[in-house]
Amino acid sequence: MATFNYTGTSHSLFILLGIPGLEDQHTWISLPFFISYLVALFGNSILILVIITERSLHEPMYLFLCMLAVADLILSTTTVPKALAIFWFHAGAISLDGCVTQIFFIHATFIAESGILLSMAFDRYVAICDPLHDSTVLSHMAIIRIGLAVVLRSFCVILPDVFLVKRLPFCRSNVLPHTYCEHMAVAKFACADIRVNVWYGLSVLLSTVVLDALLILVSYSLILYAVFRLPSRGARQKALGTCGSHLGVISMFYLPGIFTIITQRFGHRVPLHTHILLANVCMLAPPMLNPIIYGIKTRQIRERVLSTLASQWKLC
């Protein structure tokens, strides 16, 4: 086993490059980042406001959607403003503490979103497979407990990442070819053994996001089995319609991440800037598209949003 006896100075400041190899295109690249962030801020804020103020939407599916919108706001606000500062002002400097804080919020929020999507899948399972007990199984108190469990799980599994990164000495380059700090991207610049970081990161991924995805797959397999056993074609279409928006959100969350992981592991000839752009798609796409998908697919939300915007327009 390799040993490291580093006694020199460790970097306490890092420089985020943005999209390496495309520095001269940063101004143009910033446009989709900026537009996506505005859409995410506006869409998710409206979604939260509508669900909180409209009592008819105080149902499990919409309350979980409200949690997802909060997580989307945190995820996009943790990453996009810093990326825009890099693109517009070349302000890539970030302290080690700032970098670790960004790592914590990005990974914790990502795992929280995965847990919320699993909770939403469970809600759809109960609503379709056991509708008579929907209100008792997923009462308001049960939803609060699920939300607290999702937050607590994220906090507990990601907090060790903070200490695993903080313990590392950084004596190599302090220039990070990225738009944000990511655990393993930062750990690779350490002049120490990072196998603990690697194995812990892998175990967290498998025990949270991968496990959630498998449970969601099982849940929807049971849902589809129950749906196609319904005697009425109209009932089948209605049941599938209620799941359509959720399946769209799940696809937007998991598919870019899976594609990014496959590209990182097997796409050795893929340019570095492609890896970074794909990683940013994972941060940009879900917060931007989730409110759009639910706004279009869910009649109650669409009507309430249009009503709210119309009333605000009249006031102006």
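Quick notes on this structure:
- Our Cα-only numbers for region 161-249 put the radius of gyration and Dmax at 21.8, 67 Å.
- All Cα-Cα separations within region 6-85 were binned at 10 Å from zero, giving a P(r) of 15, 32, 23, 17, 10, 2, 0, each value a whole percent of the pairs.
- Phi-based couplings in Hz for region 42-59 (Karplus 6.51, -1.76, 1.60; Gly and Pro marked x): 5, x, 6, 5, 4, 4, 4, 4, 5, 5, 5, 7, 9, 5, 5, 9, 7, 10
- 222 nm mean residue ellipticity, helices alone, for the chain (DSSP H n ≥ 4; -39,500 (n - 2.57); rounded to 500): -25500 deg cm²/dmol
- Taking amide hydrogens as placed 1.01 Å from N in the peptide plane, the amide H of Leu176 sits under 5 Å from those of Ile15, Leu16, Leu17, each at least 5 positions away in sequence or on another chain.
- Note on region 62-191: with neighbouring protein chains present and a 1.4 Å probe, carbon and sulfur make up 72 percent of its accessible heavy-atom surface.
- Scattering curve values for region 36-131, log₁₀ I(q)/I(0), Debye with Cα scatterers, q = 0.17 Å⁻¹: -0.84
- In region 15-304, lysine pairs with alpha-carbon atoms under 30 angstrom apart (chain gap of 8 or more, or interchain): 4
- Normalised by 2.2 N^0.38 Å, where N is the number of residues, the C-alpha radius of gyration of region 97-248 stands at 1.36.
- Charge tally around Leu65: other residues with Cβ under 15 Å, Lys/Arg +1 each, Asp/Glu -1 each, net 0.
- Taking amide H positions as modeled 1.01 Å from N, with prolines and chain starts lacking one, no residue 5 or more places away or on another chain lies under 5 Å from Leu138.
- Label-point separation in nm, Leu152 to His58, each point 7 Å along Cα→Cβ: 2.4 nm
- Charge dipole of region 15-304 (Cα centre as origin; +1 on each Lys and Arg Cβ, -1 on each Asp and Glu Cβ, all else neutral): 480 debye, rounded to the nearest 20.
- Globularity ratio of the chain, using Cα Rg and 2.2 N^0.38 Å: 1.10
The values are calculated or read from the model by the stated rules, or taken from the named source; none is laboratory data. Nothing here was measured: the structure is a model prediction, and the numbers come from that model. Glycine also receives a Cβ, built like all others from the backbone with ideal geometry; neighbour counts cover every protein chain displayed. Keep in mind that these areas ignore ligands, DNA and RNA; they rest on the heavy atoms of the full protein, side chains included. Shrake-Rupley method; radii C 1.70, N 1.55, O 1.52, S 1.80 Å.
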